[in-house]
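Take a look at the structure set out below.
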Amino acid sequence: MSATSTLALTHFVTLADSFDKDKVTPGVLGFIVFAVIGGAVWLLMKSMNKQMRKVDFEEAPEDGQADTAAPAAAAPKPKTG
């Protein structure tokens, strides 16, 4: 570890000793992390909805419908006249 990271960890450890061990709350940092994660999820959902609207595909017919549709399409139409 570098000297600056060791110094930063030392400051956090001394802060941790000053808290009441029976009453520890996430505090502002926990709220900020939770809010950032929530915002990221919201942006990802918004982007996913935008991408899903662009998708255009035809569904494959189900097994029962495929058997009846294929012979009708292959059969020649009778000529009238």
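Against the conditions (1) at pLDDT below 90; (2) in a helix (DSSP H, G or I); (3) open to solvent by 100 Å² or more (accessible area, probe 1.4 Å), Thr80 satisfies every one except (2).
Counting the residues of region 43-66 that are surrounded by 10 or more Cβ atoms within 10 Å (Cβ to Cβ), modelled with pLDDT under 90 and either of a type in the set (A, V, I, L, M, F, W, C) or touching a strand residue (DSSP E or B) at 6+ places or on another chain (Cβ under 9 Å) (or both) gives 1. Pairs are defined by a Cβ separation below 8 Å, a sequence spacing of at least 6 or placement on different chains, a first member in region 20-41 that is outside any helix (DSSP H, G or I), and a second member that is at pLDDT 95 or above; the pairs so defined are Pro26/Phe34.
Of the residues Ala35, Ala40, Ala69, which single one is at pLDDT below 90 and either open to solvent by less than 100 Å² (accessible area, probe 1.4 Å) or more than 35 Å from the chain's Cα centre (by Cα) (or both)?
On the way: Ala35 fails: at pLDDT below 90; Ala40 fails: at pLDDT below 90.
Sole residue among the options that is at pLDDT below 90 and either open to solvent by less than 100 Å² (accessible area, probe 1.4 Å) or more than 35 Å from the chain's Cα centre (by Cα) (or both): Ala69.
The values are calculated or read from the model by the stated rules, or taken from the named source; none is laboratory data. Bear in mind that the values here come from a model prediction, so they are computed numbers and not experimental data. A quick note on method: Cβ atoms are made from the backbone with ideal geometry, for glycine too, and the neighbour counts reach across all protein chains shown. Protein only, heavy atoms only, side chains kept; ligands, DNA and RNA dropped before computing areas. Shrake-Rupley method; radii C 1.70, N 1.55, O 1.52, S 1.80 Å.
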